[in-house]
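*Asks:* Quick one: the structure is below, questions incoming.
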Amino acid sequence: MARLEQRSSIVTDAASITGIVHAAMENTENPRLKEILNALVKHAHAFLHEVKLTDDEFEQGLDFIRQVGLTCTDSHNEVVLLADVLGLSTLVKVLNNSAHEERTGGALLGPFYRAGSPHYENGDCIVQSTTSGSPLFVSGQVLDTNREPIRNARVDVWQASPVGLYENQDPQQSEMNLRGHFFTDARGAFDFRSVRPAGYPVPTHGPVGDLLRLQQRHPYRPAHLHFVVVAEGYSTLISQIFADDAEYLESDVVFGVTRDLVGKFERREAGSGPHPAAQEPYYTLECSFVLGEGVSTYPTPPIK
Ligand code: BEZ
Ligand code: FE
């Protein structure tokens, strides 16, 4: 490939560097990539001017990023976690939601989404190994922005157990426990049985945990269920529903809670309510998802 002409990169002073770097990147062919990288350099350089980073601090920062990478494994993604605790993941979601207020709001994917969850029929239970906790019956509909049902939408769900662990973090749970996917019926409806999830601390064994401790922040998320809703001809929705009575609802460590994603977890006595056969007190949750037209995609799983 022929090299394109480049202006001199000889630095004269600190103020000259940003322009020199922008000039070096001038021939980037993809216009969107060029826009993003130009803005990244502009803001990163402005940040360095503002905080006047010392050489030691710069090295510490680079080593922190290196540690973040080294902490990643097939079953743990520290990079996603870092983006989450800095509010970056939620900011991207909320910025992208704000143009589409008629749709259900998105929420961050988080580091525990896995591909290949089991397929269940509506009404099935996603509990695969003994997982004691209050029964939870979830029902909902997938709708378009005219409130018409979307049939055959794929609803993927995953959640932590009643002790606050995802199956991939917990040797007591079987593979794919509390994960599954369903397809909506002709009314756009889906429903399943589960157990009430608990809130939990995000993983703190790595550099992100060190950061939270330095910032004197607690590591907890309020109890929630994750959803990915995919339907052909519609933009994929990645979202979460939070329990209205959850501890930490007002102080989620990853800033994932928006008012519209708080769901009513209604407690019912055994023998009453919509599931009178239940032998113990249980909860019901109704959650509907409104999708906008667009291209459906599947998120890239952060772990295997
Ligand atoms: C989660 O909800 O699965 C999650 C999100 C961000 C960080 C850790 C966990
Ligand atoms: Fe979660």
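Computed from the coordinates by the stated procedures, all read-outs in this text should not be read as laboratory data. Here the structure is a predicted model, which means the values were calculated and not measured. Positions of Cβ are generated from backbone atoms using ideal geometry, with glycine treated the same way; all protein chains shown enter the neighbour counts.
*Asks:* When the distances between all Cα atoms of region 15-71 are binned every 5 Å from zero, what whole-number percent does each bin get?
*Replies:* Going from the shortest bin to the longest, the percentages are 4, 16, 19, 18, 19, 16, 7, 1.
*Asks:* Arranged from highest to lowest average of other beta-carbon atoms within 10 Å per residue, in what order do the peptides 177-185, 208-216, 261-269 appear?
*Replies:* 177-185, 261-269, 208-216
*Asks:* Please compute the contact order of the chain in relative form: average sequence separation of alpha-carbon pairs under 8 Å and at least six residues apart, divided by the residue count, as a percent.
*Replies:* Reported as a whole number, the value is 21 percent.
*Asks:* Two decimals, Cα atoms only, Kirkwood Rh: what is Rg/Rh over region 5-132?
*Replies:* 1.11
*Asks:* Now for a separate question. Roughly how many Å is it from the Cα centre of region 39-92 to that of region 244-304, as a whole number?
*Replies:* When both Cα centres are located, 31 Å separates them.
*Asks:* Scanning the chain for helices, which whole DSSP H stretches are 20 Å or more long along the axis (Cα) and average 1.6 or more by Kyte-Doolittle?
*Replies:* Passing helices, by number: none.
*Asks:* Return the lysines within reach of LYS304: Cα separation strictly under 30 angstrom, same-chain partners fewer than 8 residues apart disregarded; answer none if there are no such residues.
*Replies:* The qualifying lysines are LYS93.
*Asks:* Residue farthest toward the positive end of the dipole of the chain, with Cβ of Lys/Arg at +1 and Asp/Glu at -1: which of PRO171, THR300, HIS119?
*Replies:* Ranked along the dipole, the leading option is HIS119.
*Asks:* Could you work out the relative contact order of region 176-292? I mean the mean sequence separation of Cα pairs under 8 Å and 6+ apart, divided by the number of residues, in percent.
*Replies:* Reported as a whole number, the value is 18 percent.
*Asks:* Principal axes first, then extents: for the Cα atoms of region 64-187, list largest minus smallest coordinate on each axis, whole Å, largest first.
*Replies:* On the principal axes, region 64-187 reaches 50, 43, 25 Å in Cα extent.
*Asks:* A further question follows. Counting only helical runs of four or more DSSP H residues, what would the 222 nm mean residue ellipticity of the chain come to if each run contributes -39,500 (n - 2.57) and the total is spread over all its residues? Mind showing how you got there, number by number?
*Replies:* On the way: 6 runs with 74 residues, N = 304.
That calculation yields -7500 deg cm²/dmol at 222 nm.
*Asks:* Cα atoms only: what Rg and Dmax, in Å, come out for the chain?
*Replies:* Every Cα atom of the chain included, Rg and Dmax give 22.8, 80 Å.
*Asks:* Oh, and also: Evaluate 2.2 N^0.38 Å with N set to the residue count of region 146-304, then give the Cα radius of gyration divided by it.
*Replies:* 1.14
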